[in-house]
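The values are calculated or read from the model by the stated rules, or taken from the named source; none is laboratory data. Keep in mind that this is a model prediction, so the values were computed, not measured. Please note: Cβ atoms are built from the backbone with ideal geometry, for glycine as well, and neighbour counts cover all protein chains shown. Side chains are part of the model used for accessible areas, which takes the heavy atoms of the whole protein and leaves out ligands, DNA and RNA. Shrake-Rupley method; radii C 1.70, N 1.55, O 1.52, S 1.80 Å.
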Amino acid sequence: MAAPGPGAGAASGGAGCGGAGAGSGSSGAGGRLPSRVLELVFSYLELSELRSCALVCKHWYRCLHGDENSEVWRSLCARSLAEEALRTDILCNLPSYKAKVRAFQHAFSTNDCSRNVYIKKNGFTLHRNPIAQSTDGARTKIGFSEGRHAWEVWWEGPLGTVAVIGIATKRAPMQCQGYVALLGSDDQSWGWNLVDNNLLHNGEVNGSFPQCNNAPKYQIGERIRVILDMEDKTLAFERGYEFLGVAFRGLPKVCLYPAVSAVYGNTEVTLVYLGKPLDG
């Protein structure tokens with residue numbers, strides 16, 4: 001499985017490709033330190049160091065994960081995330097500092113995207129440069145091979161002729177010539193084209209989505225929630241907290257990454273990882 005970014009396990013909630021579980025055991029004298037003292041010490045550490053601390057003993061683990069709005073996570077959030085991400089509504093649907101840190105760990109990768117896009121300073125928004133006859137995409141830093149995961153995606157500029165959201169393996173290309181539905185163009189990716197409401201995989205249209213008469217077109221700024229269930233091997237979508245249905249079934253048991261592809265010059269796409277989806 002592909003390894004996540006440095007220290008991802010401490011805030012990723014597990015289930016990321018290559019993620020590590022919580023530890024147990026005794027930490028000796030350290031295990032007898034009051035929680036408030038430990039919290040003060042932990043507030044100076046980076047995520048990779050916190051991940052190691054969480055494996056020391058149950059007392060340290062509880063101190064780190066018992067309160068997702070503790071000084072530990074507030075401090076790390078302030079150091080790790082850009083001010084723009086914290087003062088705007090980009091992360092408005094995340095309830096805690098720990099969730100914000102986790103979302104940043106699962107954001108677009110600056111090293112796994114088309115050369116024609118860049119990730120803005122807020123850390124969550126992709127900007128596509130105005131390059132003619134090119135389709136350009138990006139994957140997130142961490143993929144998933146197990147568990148259930150949800151993230152939000154929204155366009156902050158024109159869609160153009162093709163605007164696709166979905167998932168991809170590491171083998172799926174993130175750039176190609178022409179204006180095409182890059183996600184879904186081969187057997188390594190699955191996508192929903194928001195322009196014509198078609199589902200795409202292996203270079204073929206797998207039907208329209210959502211499956212209803214006169215399905216509404218996507219509106220710029222509208223947040224789409226993507227739900228990946230690696231246990232049931234399905235990919236589903238929500239819009240405005242309305243469940244639109246399962247788009248793809250029978251997904252392979254491989255590491256799958258949230259991904260997007262765009263064609264319109266200077267358009268921007270934001271992706272925010274939410275964590276485990278809420279049922280009901």
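Computed quantities for the displayed model
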| quantity | calculated |
| --- | --- |
| Residue match in region 249-261 (condition: open to solvent by 10 Å² or more (accessible area, probe 1.4 Å) and within 26 Å of residue 156 (Cα to Cα)) | no |
| Breaking point among (1) farther than 17 Å from residue 138 by Cα; (2) touching a strand residue (DSSP E or B) at 6+ places or on another chain (Cβ under 8 Å); (3) open to solvent by 10 Å² or more (accessible area, probe 1.4 Å), for residue 175 | (1) |
| Residues satisfying the stated conditions in region 109-126, i.e. assigned to a loop (DSSP other than H, G, I, E, B), of a type outside the set (S, T, N, Q) and more than 13 Å from the chain's Cα centre (by Cα) | 115, 120, 121 |
| Selection from region 123-145 of residues that are open to solvent by less than 10 Å² (accessible area, probe 1.4 Å), farther than 26 Å from residue 241 by Cα and out of contact with any Cys (no Cβ under 8 Å at 6 or more places or on another chain) | 128 |
| Checking residue 250 against (1) closer than 17 Å to residue 206 by Cα; (2) not in a loop (DSSP other than H, G, I, E, B), the condition it does not meet | (2) |
| Evaluation of residue 148 against (1) open to solvent by less than 20 Å² (accessible area, probe 1.4 Å); (2) under 24 Å from residue 250 (Cβ atoms) (one fails), failing number | (1) |
| Within region 178-191, considering residues that are closer than 9 Å to residue 135 by Cβ and in contact with a Leu (Cβ under 8 Å, 6 or more places away or on another chain), the one surrounded by the fewest Cβ atoms within 10 Å (Cβ to Cβ) | 185 |
